[in-house]
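For reference, the structure I am asking about is given below.
The values are calculated or read from the model by the stated rules, or taken from the named source; none is laboratory data. Predicted, not measured: the structure shown is a model, and the values here were computed from it. Virtual Cβ from ideal backbone geometry, glycine too; neighbours counted across all protein chains shown. All accessible areas refer to the heavy atoms of the entire protein, side chains included, with ligands and DNA or RNA removed. Shrake-Rupley method; radii C 1.70, N 1.55, O 1.52, S 1.80 Å.
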Amino acid sequence: MTRPRVLVVGSFSCDTMVRVEHLPREGETSRARTLARLPGGKGNNQAVAMARLGARVSMVGAVGDDDEGRMILAALQEEDVDVRHVRVTDGSTGIALVMVDDAADNTIIIHGGANDTVTCEQVDEALAEARATGVRYDAVVLQHELDLDVVAHTISRAVEVSDLLVLNAAPAARVAQETLALVDVLVVNEHEARVVAGEDDPKGSPWDPVTAVARLRERVGGLAVITLGSAGGVLAGEQESTWSVPPGVEAVDTTGAGDAFVGALVDGLIRGMAAGDAAQRAAAAAALAVQAHGAQSALPRADALDC
Ligand code: RIB
């Protein structure tokens, strides 16, 4: 079987990760047990997730001309991800400050750095090259860690090179209806679902995932998917479906679980799986990812996922 081709237009970060007993409260100082600097960023992680499952992945994005950028590019080359459209800029590589506690929960602060220099023109160059060379991608995948105007622009143009546009609207931000209508697969968690749906007070009101996913389904071009962490998730497309997390999962670090899910979901869809089956397999990928430390370092390979 020929390997599916995927284009990820997304972010790179150097994840500066500390493990703490509990996440510090306001005004509190915590002592970290471990410190690690690892390749991360949602775009980067999702690209690697799909490459590890066997896809041919290309990325559009930017890193800084610094040690962090070199570490990220070296890791991508080891994963056989095409980085010809990744720019090396004068500024610093994006940074994510990640704290993970003993309950496997995290808090993350991101500094965009080079990610904020990605332009619509840079994306257009990559899309023009694909058109000129007759490349058609099985999927184009985006997240919300680039300038949101660049994300919207890419979605408006990517239809020229792919029939499957996937938006993981993370971190949470409103999305214009004309953009949502072009998205074939929208993946969000509860908070992101509330923000995309336009709730003014995302935590303040009762919320039902089945109703929420049906409403999102009316606004996107194809499939709406809401992940619910350890409670599984719901999707609505041609059919509606729910899935659960495999039993016996002992999470140590949930960072990157969403990226493992998105990568495996897209991989399943472009290989022709039914949406519900692809989501169940994606939940298994996320379950594997949370059982190891780090975001990208914990993403499973095909032999671990499909054994
Ligand atoms: O989704 C996990 C990622 O989000 C981390 O790798 C970190 O870089 C943040 O952007």
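In the range 40-81, which residue that is among the β-branched types (Val, Ile, Thr) and within 16 Å of the ligand (Cβ to nearest atom) is nearest to residue 142 (Cα to Cα)?
Top of the filtered list is 48.
This table checks each residue for (1) touching an Asp or Glu at 6+ places or on another chain (Cβ under 8 Å); (2) open to solvent by less than 60 Å² (accessible area, probe 1.4 Å); (3) not in a strand (DSSP E or B).
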residue: 87; (1), (2), (3): no, no, no
residue: 93; (1), (2), (3): yes, yes, yes
residue: 98; (1), (2), (3): yes, yes, no
residue: 102; (1), (2), (3): yes, no, yes
residue: 109; (1), (2), (3): no, no, no
residue: 116; (1), (2), (3): yes, no, yes
residue: 123; (1), (2), (3): no, yes, yes
residue: 126; (1), (2), (3): no, yes, yes
residue: 131; (1), (2), (3): yes, no, yes
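Sticking with this one: Looking only at the range 35-53, which residues are open to solvent by 10 Å² or more (accessible area, probe 1.4 Å), more than 22 Å from residue 116 (Cβ to Cβ) and in contact (Cβ under 8 Å) with a residue 40 or more places away in the chain?
Within the range 35-53, 36, 52, 53 meet the criteria.
Among the candidates 290, 195, single out the residue that is open to solvent by less than 30 Å² (accessible area, probe 1.4 Å), within 23 Å of residue 143 (Cα to Cα) and more than 16 Å from the ligand (Cβ to nearest atom).
None of the other options fit; the residue is 195.
Given the conditions (1) in contact with a helix residue (DSSP H, G or I) (Cβ under 6 Å, 6 or more places away or on another chain); (2) under 23 Å from residue 14 (Cβ atoms); (3) away from the ligand (no atom under 13 Å from the Cβ); (4) modelled with pLDDT of 95 or more, report the number of the one that residue 165 does not fulfil.
With (1) in contact with a helix residue (DSSP H, G or I) (Cβ under 6 Å, 6 or more places away or on another chain); (2) under 23 Å from residue 14 (Cβ atoms); (3) away from the ligand (no atom under 13 Å from the Cβ); (4) modelled with pLDDT of 95 or more applied to residue 165, the lone miss is (2).
Scan the range 211-248 for residues that are part of a strand (DSSP E or B) and surrounded by fewer than 16 Cβ atoms within 10 Å (Cβ to Cβ) and report the count.
1
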